[in-house]
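Structure first, commentary second.
The values are calculated or read from the model by the stated rules, or taken from the named source; none is laboratory data. All values derive from a computational prediction rather than experimental measurement. Cβ sites come from the backbone with ideal geometry, for glycine too, and all protein chains shown count toward neighbours. Heavy atoms of the whole protein, side chains included, go into the accessibility calculation; ligands, DNA and RNA do not. Shrake-Rupley method; radii C 1.70, N 1.55, O 1.52, S 1.80 Å.
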Amino acid sequence: MNIEQALFGAFAFLTLFSAGVVIFAKSPINSAMALVSTFFFLAGIYVLLWAHTLAAMQVLVYAGAIMVLFLFVIMLLNLGEESQGVRLTFTRIIGGATALGLFACLVVVLSRLPNAVADLGPQTESFGTLKTIGQAIFSTWLFPFEAVSLLLLVSMVGSVVVAKSRI
């Protein structure tokens, strides 16, 4: 086992662990901070896969901008510690059963895949550079990029409206 495999295993374990903390944390702030660590561990995996541009974008966009927005909404809505214990309701049982069913489907589909690595085709020297990513975002994917920007703006305005109505 070389150092890259050990680091990949460590980053993968820490990513899964912090994602579990996101799900099971009682405080929304603790959950959001665990999500930040999940994003950083994912960026570490991207670095190990030689996708440095993607790792930088992961840290800047998700761990930076999106998480600041999440924390802003949490603070604006004044969400604190959850005082009640976890209650077992019908919707939680259905949600858990659905999650287990989807996980079982994923295991079945992944077990039927061939073991060989798929040929991704020829890659040029400019593959994955900032220039090619920028050209793709602002030409081919311009409409979805702007739609996501608008969606984030609407969600931020909506959180302000909800917080103002409580005062």
(Q) Yes or no: the stretch 74-84 includes at least one residue that is open to solvent by less than 50 Å² (accessible area, probe 1.4 Å), out of contact with any Cys (no Cβ under 9 Å at 6 or more places or on another chain) and free of Cβ contacts under 8 Å to residues at least 40 places away in the same chain. (A) no
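If you check Ile3 against the conditions, is it aliphatic (A, V, I, L, M), loosely packed, with under 10 Cβ neighbours inside 10 Å and over 25 Å from Phe145 (Cα atoms)? First the steps, then the outcome.
Working: aliphatic (A, V, I, L, M): yes; loosely packed, with under 10 Cβ neighbours inside 10 Å: yes; over 25 Å from Phe145 (Cα atoms): yes.
Yes.
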Q. For the subset of the stretch 126-149 comprising residues that are aliphatic (A, V, I, L, M) and closer than 21 Å to His52 by Cβ, which member is surrounded by the most Cβ atoms within 10 Å (Cβ to Cβ)?
A. Ile133
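Of everything in the stretch 22-59, what is among the small types (Gly, Ala, Ser), part of a helix (DSSP H, G or I) and open to solvent by less than 30 Å² (accessible area, probe 1.4 Å)? Give them in sequence order. Spell out the reasoning first.
Going through the stretch 22-59, the residues among the small types (Gly, Ala, Ser) turn out to be 25, 27, 31-32, 34, 37, 43-44, 51, 55-56.
Imposing the further condition that a residue be part of a helix (DSSP H, G or I) reduces the set to 31-32, 34, 37, 43-44, 55-56.
Ser31, Ala32, Ala34, Ala43, Gly44, Ala55, listed by residue number.
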Q.
Would you confirm, using the coordinates I've provided, whether Ser159 is in contact with a Leu (Cβ under 9 Å, 6 or more places away or on another chain), surrounded by 10 or more Cβ atoms within 10 Å (Cβ to Cβ) and modelled with pLDDT of 80 or more?
A. no
**Q.** Counted residues, the stretch 10-21 - those being farther than 25 Å from Phe127 by Cβ and open to solvent by 40 Å² or more (accessible area, probe 1.4 Å)
**A.** 6
